[in-house]
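Trainee: Sending over a structure as structure tokens; questions will come in a sec.
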Amino acid sequence: MNLLASVALLVSFPVVMQALRLSVLTDTATSIPQIIFFTGPWDPEEVVNNNRGFVPSGTEFRFFNYTQLDASARNISAHLELVGINGAYEAFRNLRPRALRVDLWRAMILWEHGGIYLDAKMVMVQSMSKWLNLKSQGLNLCWDDFGGFYTNQVLASPARNHDLESIIRHIVSNVQAHSYGDPTAKWPFLSITGPIAYTNALKGNGSNPQTICATNHGEGISHGWSWDGVAYDYPGRSSAVMVNSKKVHEQMRSCAECDKYQDLFNSHQLYCDEAGPACQLQGQSSLLQVYEAADSGGLANPYWSKVV
């Protein structure tokens, strides 16, 4: 590159960055894309096969393994900085339990792309059109009747949603403060990154998201599925629309790559800069290759995808 071209690039760079910033600030989508995001140490085909019969034709399932999850969080964090949310990736990396990282990531991925997030254990038993309006312009989530708060097992939103920004800010602030939640609460570990954190952020912002289902605990069999949690239609609560696969939920508690966040909470070891087990920073060397590919303009294998 000659000197004149270099000078021209330096002069134009602030203009390009300002245009990108304005694009991120103003590019608020008005409908929910037909993309279902999920993650975990699971076979993505099984999740797709469980749910494909209940989604509209053309729906894309996007699965992120833990390496891809980390790379995704890093890239989205740079975009969040353009709307004044700093330190999202650092907060993500400082959480020792994977479950808490995923709490933050699910809000980040929907803010970036829009779509639907489902816990891998969630199995649909009714058509998605019965409980979700893809033309919705706001954040959609379910109410936990047992806990008395919004749950984050199921989320749906257009991209660049301001309620999601509030949730991300709240969680990042909690992590930066090394919060261990309200010690007087029944489930303080859920108020750091989990459903109580989501609820507190939304209430603190005066938000009124769309409630699309009501969840509860219990056990049973529905549509051939043995379940240990259920989501009913809202507000009627007359029929199940999704259930928690008991099999997958049990695998979540015992798989080789899983960790028990309640044990880490009780041991005061939630954060990677605190004493405790080695943080599982998945795929360091492969992540470097992913980052180099991203910096060169082509993110290699950013996720697994299947359109049904």
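The values are calculated or read from the model by the stated rules, or taken from the named source; none is laboratory data. As the structure is a computational prediction, the values presented were derived from the model and not from experiment. Because the Cβ atoms are built from the backbone with ideal geometry, glycine has one as well, and the counts that use them run over all protein chains shown.
Trainee: Would you confirm whether any residue within region 271-290 is modelled with pLDDT of 95 or more and under 30 Å from His113 (Cα atoms)?
Mentor: Among the residues of region 271-290, at least one is modelled with pLDDT of 95 or more and under 30 Å from His113 (Cα atoms), which makes the answer yes.
Trainee: Does region 204-224 include one or more residues that are in contact (Cβ under 8 Å) with a residue 40 or more places away in the chain and within 26 Å of Asp273 (Cβ to Cβ)? Please lay out each step first, then the result.
Mentor: Applying the first criterion (in contact (Cβ under 8 Å) with a residue 40 or more places away in the chain) to region 204-224 yields 205, 207, 209-217, 222-223.
Filter again for within 26 Å of Asp273 (Cβ to Cβ), leaving none.
No: zero hits.
Trainee: Condition check: buried (at least 21 other Cβ atoms within 10 Å of the Cβ), over 18 Å from Pro209 (Cβ atoms), touching a residue at least 12 places away in the same chain (Cβ under 8 Å) and under 17 Å from the mean Cα position of the chain (by Cα). Does Val172 satisfy that? It would help to see each step written out before you state the result.
Mentor: On the way: buried (at least 21 other Cβ atoms within 10 Å of the Cβ): yes; over 18 Å from Pro209 (Cβ atoms): yes; touching a residue at least 12 places away in the same chain (Cβ under 8 Å): yes; under 17 Å from the mean Cα position of the chain (by Cα): yes.
It is true that Val172 is buried (at least 21 other Cβ atoms within 10 Å of the Cβ), over 18 Å from Pro209 (Cβ atoms), touching a residue at least 12 places away in the same chain (Cβ under 8 Å) and under 17 Å from the mean Cα position of the chain (by Cα).
Trainee: Quick check, is Val248 at pLDDT 95 or above and among the β-branched types (Val, Ile, Thr)?
Mentor: Numbers: at pLDDT 95 or above: no; among the β-branched types (Val, Ile, Thr): yes.
No: the conditions fail for Val248.
Trainee: Also: Looking at region 94-107, is at least one residue aromatic (Phe, Trp, Tyr) and over 21 Å from Leu190 (Cα atoms)? Spell out how you get there, then give the answer.
Mentor: Here is the first cut: in region 94-107, the ones aromatic (Phe, Trp, Tyr) are 105.
Filter again for over 21 Å from Leu190 (Cα atoms), leaving none.
Checking region 94-107: not a single residue is aromatic (Phe, Trp, Tyr) and over 21 Å from Leu190 (Cα atoms).
Trainee: Can you tell me which residue is surrounded by the most Cβ atoms within 10 Å (Cβ to Cβ) among those in region 74-100 that are small (Gly, Ala, Ser) and assigned to a loop (DSSP other than H, G, I, E, B)? Can you show your working first?
Mentor: So the first thing to find is which residues in region 74-100 are small (Gly, Ala, Ser), and the list is 77-78, 84, 87-88, 91, 99.
Keeping just the survivors that are assigned to a loop (DSSP other than H, G, I, E, B) gives 84, 87.
Values: Gly84: 9, Gly87: 15.
In this case the residue turns out to be Gly87.
Trainee: OK, next. Here is a list: Ser129, Ser166, Ser157. Which entry is in contact with a Ser or Thr (Cβ under 7 Å, 6 or more places away or on another chain) and among the small types (Gly, Ala, Ser)? So that I can check it myself, show each step before the final result.
Mentor: Numbers: Ser129 fails: in contact with a Ser or Thr (Cβ under 7 Å, 6 or more places away or on another chain); Ser157 fails: in contact with a Ser or Thr (Cβ under 7 Å, 6 or more places away or on another chain).
Going through Ser129, Ser166, Ser157 in turn, just one is in contact with a Ser or Thr (Cβ under 7 Å, 6 or more places away or on another chain) and among the small types (Gly, Ala, Ser): Ser166.
To keep it simple, each residue is scored yes or no on (1) surrounded by fewer than 17 Cβ atoms within 10 Å (Cβ to Cβ); (2) within 27 Å of Ile171 (Cα to Cα); (3) at pLDDT below 95; (4) out of contact with any helix residue (DSSP H, G or I) (no Cβ under 6 Å at 6 or more places or on another chain).
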position: Tyr198; (1), (2), (3), (4): no, yes, no, no
position: Asn208; (1), (2), (3), (4): yes, yes, yes, yes
position: Cys213; (1), (2), (3), (4): no, yes, no, yes
position: Trp227; (1), (2), (3), (4): no, no, yes, no
position: Tyr232; (1), (2), (3), (4): no, no, no, yes
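Trainee: Could you grab me the full set of residues in region 100-122 that are of a type in the set (A, V, I, L, M) and modelled with pLDDT under 95? Walk me through it before giving the result.
Mentor: If we filter region 100-122 for residues that are of a type in the set (A, V, I, L, M), which is where we start, we get 100, 102, 104, 107-110, 116, 118, 120, 122.
Listed by number, the residues that qualify are Ala120, Met122.
Trainee: What tally of residues in region 101-136 results from selecting those that are assigned to a strand (DSSP E or B), closer than 16 Å to Ala159 by Cβ and not aromatic (Phe, Trp, Tyr)? Walk me through it before giving the result.
Mentor: At the first step, the residues of region 101-136 found to be assigned to a strand (DSSP E or B) are 115-118, 122-124.
Right, trim to closer than 16 Å to Ala159 by Cβ and you get 115-117.
Then drop every residue that is not not aromatic (Phe, Trp, Tyr), which leaves 115-116.
Summing the residues that are assigned to a strand (DSSP E or B), closer than 16 Å to Ala159 by Cβ and not aromatic (Phe, Trp, Tyr) in region 101-136 gives 2.
Trainee: Identify, from the list Ser136, Ser157, the residue that is crowded, with 22+ Cβ neighbours inside 10 Å and of a type in the set (Ser, Thr, Tyr). Full working, then the answer.
Mentor: Working: Ser136 fails: crowded, with 22+ Cβ neighbours inside 10 Å.
Only one candidate passes the filter, namely Ser157.
Trainee: Within region 208-265, considering only strands (runs of 3 or more DSSP E) that don't extend past its boundaries, which have at least 2 residues that are closer than 16 Å to Gly148 by Cα? Break it down stepwise before answering.
Mentor: On the way: elements: 210-222, 225-233, 240-245.
The qualifying strands (runs of 3 or more DSSP E) are 210-222, 225-233.
Trainee: In addition: Inspect region 87-106 for any residue being closer than 17 Å to Tyr232 by Cβ and either in contact with a helix residue (DSSP H, G or I) (Cβ under 9 Å, 6 or more places away or on another chain) or among the basic types (Lys, Arg) (or both) and give the result as yes or no.
Mentor: We begin by selecting, within region 87-106, every residue closer than 17 Å to Tyr232 by Cβ; these are none.
Looking through region 87-106, none of the residues is closer than 17 Å to Tyr232 by Cβ and either in contact with a helix residue (DSSP H, G or I) (Cβ under 9 Å, 6 or more places away or on another chain) or among the basic types (Lys, Arg) (or both).
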